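Working notes for the structure below.
The values are calculated or read from the model by the stated rules, or taken from the named source; none is laboratory data. Just so it is clear, the model here is predicted, and its values are computed rather than measured. Methodologically, a virtual Cβ is constructed for each residue, glycine included, from the backbone with ideal geometry; neighbour enumeration extends over all protein chains shown.
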């Protein structure tokens, strides 16, 4: 039976931009597993109530339901141990958790400020009131005030990427010779920006730019082929 | 035959503060290996000329000479495979490299500005002219101008520690349930600050503070027992 995954969708249902859903999409592709994604909106809490919570990704694999991208990676490694591993060993797992927090605490924080209004415009009109209210409460200002200019975002990102840049001068992927779940965690943040915004945030001669290109090429261009919102 | 290690020493030869030497000291202890450290000064290039370069740590294990803390970790894992592993597997190794660059590019950059004058005063008087000239050239200002106030350093460090803090809320060590080389890379930066300066940079309720305390306790308090420079 095909695995199904609830995946955050924009006003254009083909546009998928959740960084957490992208982690799971890449993890499924890493395992060579087919998935049928189901377009989901912030307001569709009832559609995933069966998972016992209100966030995507939610995976349904036969009778098993798993939510949370990290739990999905662990589930896939446990259930499909003969496929390429996502989180390898105690050290690989623990350190991927560090890369995950670097992605969501450091990189996503900057990207969020850079793409805020593009993100707002890309989501479904029915989601916008919820999005504005919840995010303005979280950041403590209006979305418009929270947004920063591309130059400021590029400067902040340039600094924040320094450890990643140094690593990617020495190895092709964050996980080493081959991409794995730490790569997908960081890449998810960049797919979020890519699929809602046309702002260019990384210089083309930056090693992290070349890494992102390699990530876009993985699995027959899975991420590169994904539609982007048009303004 | 006892392993010997050339270890950067201060005006007080018992004060050892090189972050790279601390990585190696902790790695040796992790392997349960005894080491005889040899106090070394920046000006003693001749003493380590046998290693073909001019930086410490330099390890001599029988007929084998290894310099560079990362190479030392790899050497120890290869030579003593039955002892606890420092860099475990492809993913563990690749991701430890990310933690290493986070330590030296992000954390050490802030610590350097915070402890600059304490560091200058802790090193041997014979090393100070070399240190001032090489470091002022590197940072593009006088040491005195480069130094930042403790409050500024605490604020910068508080931001920079955000991914580490998040990880250490979920697991006791960066490497997971047990400390290993990624922990030693990050810890080395903090030992550098601890052994030359009395400035307090991390709040006591920060999870990174508790982690540092656990690190100080490892191997029968190896790091905690190490002498600190007195102003």
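Worth a mention:
- Qualifying residue in the stretch A:71-81 (condition: part of a helix (DSSP H, G or I), more than 26 Å from residue B:92 (Cα to Cα) and touching a residue at least 24 places away in the same chain (Cβ under 8 Å)): no
- Test: residue A:39 is under 21 Å from residue A:111 (Cα atoms), part of a strand (DSSP E or B) and modelled with pLDDT of 95 or more: no
- Answer residue from the stretch B:53-76, given it is away from chain A (no Cβ under 14 Å) and surrounded by 23 or more Cβ atoms within 10 Å (Cβ to Cβ) and is farthest from residue B:130 (Cα to Cα) among those: B:76
- So residue A:199, is it buried (at least 23 other Cβ atoms within 10 Å of the Cβ), in contact (Cβ under 8 Å) with a residue 40 or more places away in the chain and not assigned by TED's automatic domain parsing to the domain that holds residue A:23: no
- Helices (runs of 4 or more DSSP H) (entirely within the stretch A:115-231) containing at least 2 residues that are within 14 Å of chain B (Cβ to nearest Cβ): A:150-160, A:162-168, A:181-196, A:207-221
- Single match in B:104, B:91 (criterion: touching a residue at least 24 places away in the same chain (Cβ under 8 Å), in a helix (DSSP H, G or I) and touching a helix residue (DSSP H, G or I) at 6+ places or on another chain (Cβ under 8 Å)): B:104
- Residues of the stretch B:77-109 classified as more than 10 Å from chain A (Cβ to nearest Cβ) and either surrounded by 24 or more Cβ atoms within 10 Å (Cβ to Cβ) or under 14 Å from the mean Cα position of the chain (by Cα) (or both), total: 1
- Some residue of the stretch A:43-52 being more than 14 Å from every other protein chain (Cβ to nearest Cβ), assigned to a loop (DSSP other than H, G, I, E, B) and closer than 19 Å to residue A:16 by Cβ: yes
- Among (1) under 30 Å from residue A:99 (Cβ atoms); (2) outside the structural domain of residue B:126 (by TED's automatic domain parsing); (3) surrounded by fewer than 23 Cβ atoms within 10 Å (Cβ to Cβ), the one test that residue B:48 misses: (1)
- Within the stretch B:136-151, the set of residues being closer than 21 Å to residue A:159 by Cα and in contact with a helix residue (DSSP H, G or I) (Cβ under 8 Å, 6 or more places away or on another chain) comprises B:139, B:146, B:147, B:148.
- The set of residues in the stretch A:194-213 being under 24 Å from residue A:84 (Cβ atoms) and out of contact with any helix residue (DSSP H, G or I) (no Cβ under 9 Å at 6 or more places or on another chain) consists of A:213 alone.
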